[in-house]
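Notes to accompany the following structure.
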Amino acid sequence: MILLWFTAVIPGMKPRPCEQFKDDCNPATPAQLAVLFSSFGLISIGAGCIRPCSIAFGADQLDKENPDSERILDSFFNWYYASSVMSTVISLTIIVYIQDHLGWNFGFGVPAILMFFSALMFLFGSSLYVKEKPSSSLFTGLVQVPFVAFKNRHLNPPCDSDEYYHHSHDKKLAPTNQLRWLNRACMIRDPGRDLSSDGSDPNSWSICSVEQVESLKTLLRLIPIWSTGIMILVSMGQSSFTTLQANTMDRYLTPNFKIPAASFSVSTVVVIMIWIPIYDIVLVPILARYTGCPRGLSMKFRMGIGLVLSCVAVAVGAITESVRRRIANEQGLDEQPAATLNMSAMWLLPQFILFGFAEAFSAIGQIEFYYSQFSKSMSSIAVALFTVGMAGSNLVESLLVNVVNSVTSKGGKESWLSSNINKGHLDYYYWLITILCLINFIYFLVCCWSYGPFEDEKPGISDEGEDNIEYRALPSS
């Protein structure tokens, strides 16, 4: 953030100002672009390090001996997501206001100062944190499993669990039958050669533990369910089109107050902020009495609700756009995309409200599900899956827009996604996304059936070198 701030305050790091009323501005030099893109790269790396680890690190601070630890953990997930949503509201309102009215010098300076103070607060509390030391490289352990399994590809897996290597000698768990070819990685072929006589860990490139194998299996089995979360993010990522719609509609809340076109998406965030505390404090205790689930509603059910609501939200958006386009045609504004229609922009709110509920159900359900299925040492990967899904949705959305624009503009026709939305067919595009969301929901049901039950409590298995720590369980076969 400091480097990005420098590009706004140091004259040599930004192009010279354009002359007023002239379109030919001075382009940025390669050096200036290099500094700008470097700042973006550093911000991306920093966010990639913080986001996956912060929620897992926060969960480590909870008292595992507390009998209500599971309920507290669920509440922690809810409030963590609520706080992240609050930060989004601040960035979309206060920070944007500062950038618009005080310029980029203050607009980038304020976030840089806030990041500096947040780093100081984190460091000052360092002595109070519970810090779990990693015993080995997680990624290396995952790579070793297919490597060793391939080396042992000609061997038949044994049936006796004693013939598999366990790092923890307290629990002799047999590997599951799913993805059974990976079980070859933890086979004890020759105890004298594979196992160390002094009790130390054997060479992991020759034999892996059952815990390693099951961790990789969990990751592979989660990928289909993880992929179902991409489409809901694609459906919610249409803010640029809704901004175009709002620009053509009556945005006056009062005779003297006009809502900015880009601010309607804030209603989604507001819904999440309001809904999460209500669900966590009021509804969970009530629902838990009837469902028997400490979370109120199961993770699978919440994820499913989110997917269904996203379908409904996009369908509502398609209907709203159909009405908006019809009114534009009736008023003879086909060639005037900047004209204001006799239609209130408040008609856009229902789809944003539905998206807020969809995200609240789906996002938190996904994070809890990933976190519950992995062992403790893989907690950061569990949280990172959701972040990777967000990145994947951006790629899918860009690809979808390019394909739709290319296909629908063939033969000189007006593209569905024309810059003149009064002549385009944005409603058709929304209906296409609705159909894709419905297909994705069916795919989600198939993945859930294939995966098996999402138990809220399962017997844990220990990770290497951390036998005294409570672990989330791997799914049973």
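The values are calculated or read from the model by the stated rules, or taken from the named source; none is laboratory data. Predicted model only: the values in this text are computed from it and were never measured. Using ideal geometry, Cβ is built from the backbone for each residue, glycine included, and neighbour counts are taken over all protein chains shown.
Could you tell me which numbered condition Ser83 fails, if it satisfies all but one of (1) within 25 Å of Gln366 (Cα to Cα); (2) at pLDDT below 80?
All conditions are met except number (2).
Any residue that is crowded, with 16+ Cβ neighbours inside 10 Å, within 30 Å of Phe441 (Cα to Cα) and hydrophobic (A, V, I, L, M, F, W, C) - is there at least one of those in the range 331-346?
Yes, there is a match, as at least one residue in the range 331-346 is crowded, with 16+ Cβ neighbours inside 10 Å, within 30 Å of Phe441 (Cα to Cα) and hydrophobic (A, V, I, L, M, F, W, C).
Restricting to the range 409-427, and then to whatever is in contact (Cβ under 8 Å) with a residue 24 or more places away in the chain and of a type in the set (S, T, N, Q), can you tell me which residue is farthest from Gln336 (Cα to Cα)?
That would be Ser419.
Restricting to the range 220-238, what's the tally of residues that are closer than 14 Å to Ala318 by Cα and small (Gly, Ala, Ser)?
Selection size over the range 220-238: 1.
Specify which of the listed residues (Thr228, Thr243) is polar (S, T, N, Q), assigned to a helix (DSSP H, G or I) and surrounded by 20 or more Cβ atoms within 10 Å (Cβ to Cβ).
Thr228
When only residues in the range 81-103 that are of a type outside the set (Val, Ile, Thr) and within 21 Å of Arg51 (Cβ to Cβ) count, which is surrounded by the most Cβ atoms within 10 Å (Cβ to Cβ)?
My answer is Tyr81.
Please find, among Ile207, Ile188, Ile259, the residue that is under 23 Å from Pro158 (Cα atoms), in contact with a helix residue (DSSP H, G or I) (Cβ under 9 Å, 6 or more places away or on another chain), surrounded by fewer than 22 Cβ atoms within 10 Å (Cβ to Cβ) and modelled with pLDDT under 85.
Step by step, each of Ile207, Ile188, Ile259 is checked, and only Ile188 is under 23 Å from Pro158 (Cα atoms), in contact with a helix residue (DSSP H, G or I) (Cβ under 9 Å, 6 or more places away or on another chain), surrounded by fewer than 22 Cβ atoms within 10 Å (Cβ to Cβ) and modelled with pLDDT under 85.
Can you run down the residue pairs with Cβ atoms below 7 Å, 6 or more apart or on separate chains, where the first is in the range 128-152 and part of a loop (DSSP other than H, G, I, E, B) and the partner is exposed (fewer than 14 other Cβ atoms within 10 Å of the Cβ) and at pLDDT 75 or above?
Tyr129/Gln61; Val130/Gln61
Identify the residue in the range 391-403 that is out of contact with any Leu (no Cβ under 6 Å at 6 or more places or on another chain) and touching a residue at least 12 places away in the same chain (Cβ under 8 Å) and, among all such residues, is surrounded by the most Cβ atoms within 10 Å (Cβ to Cβ).
It comes out as Glu397.
Would you be able to tell me the number of residues in the range 264-296 that are touching a residue at least 24 places away in the same chain (Cβ under 8 Å) and not in a helix (DSSP H, G or I)?
Looking only at that region, the number is 5.
Determine, yes or no, whether Ser161 is in contact with a strand residue (DSSP E or B) (Cβ under 9 Å, 6 or more places away or on another chain), among the hydroxyl-bearing types (Ser, Thr, Tyr) and at pLDDT below 85.
Spelling it out, it is not the case that Ser161 is in contact with a strand residue (DSSP E or B) (Cβ under 9 Å, 6 or more places away or on another chain), among the hydroxyl-bearing types (Ser, Thr, Tyr) and at pLDDT below 85.
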